[in-house]
Amino acid sequence: MGEIGNGAIKTRDDVYKWYSRTLAIRQGEKIDKEYVDKLVDYLLKNNAIRDVNNQLVVTELGRASLFFYLRPDMLKDLMVNLD
């Protein structure tokens with residue numbers, strides 16, 4: 001999500017490009033389309049990111065999640081329960 005926030009990742013396809021430059025890929029860790037789709041869908045469902053004109057952008061909740069090192073679903077639930 002941080003890479004979406006800093007502009008390195010703007011689309012689902014960008015996830016593969018970004019991941020191809022990581023140490024994990026060099027160590028043999030692979031990701032597939034299903035994994036990327038689940039991850040992006042999870043972030044969308046929990047309002048951590050939005051799809052704006054086919055571009056992924058981080059929401060305020062997403063930025064707070066990054067700042068506090070909390071999973072977006074946990075922060076979302078916390079905010080709902082405080083209202």
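The values are calculated or read from the model by the stated rules, or taken from the named source; none is laboratory data. Since this is a predicted model, take the numbers as computed values, not measurements. FYI the Cβ positions are ideal-geometry reconstructions off the backbone, even for glycines, and counts take in every protein chain you see.
Quick one: in segment 59-83, which of the residues that are under 11 Å from M1 (Cα atoms) and hydroxyl-bearing (S, T, Y) is surrounded by the most Cβ atoms within 10 Å (Cβ to Cβ)?
Step by step, filter segment 59-83, then rank; the result is S65.
Mind listing whichever residues of segment 10-35 are in a loop (DSSP other than H, G, I, E, B) and either β-branched (V, I, T) or over 22 Å from Q55 (Cβ atoms) (or both)?
Result: T11, T22, Q27, G28, E29, K30, I31, D32.
Does segment 53-62 contain any residue that is β-branched (V, I, T) and in a loop (DSSP other than H, G, I, E, B)?
The answer is yes, given that some residue of segment 53-62 is β-branched (V, I, T) and in a loop (DSSP other than H, G, I, E, B).
List, please: which pairs have Cβ atoms under 6 Å, are six or more places apart or on different chains, and start with a residue in segment 31-58 that is over 12 Å from I4 (Cα atoms) and end with one that is not in a helix (DSSP H, G or I)?
N47/T59
I'd like to verify a number: residues in segment 63-83 that are more than 15 Å from the chain's Cα centre (by Cα) and not in a helix (DSSP H, G or I), how many?
Total meeting the criteria: 1.
Mind listing just one residue for me: the one in segment 14-28 that is touching a helix residue (DSSP H, G or I) at 6+ places or on another chain (Cβ under 9 Å) and at pLDDT 90 or above and, of those, surrounded by the fewest Cβ atoms within 10 Å (Cβ to Cβ)?
W18
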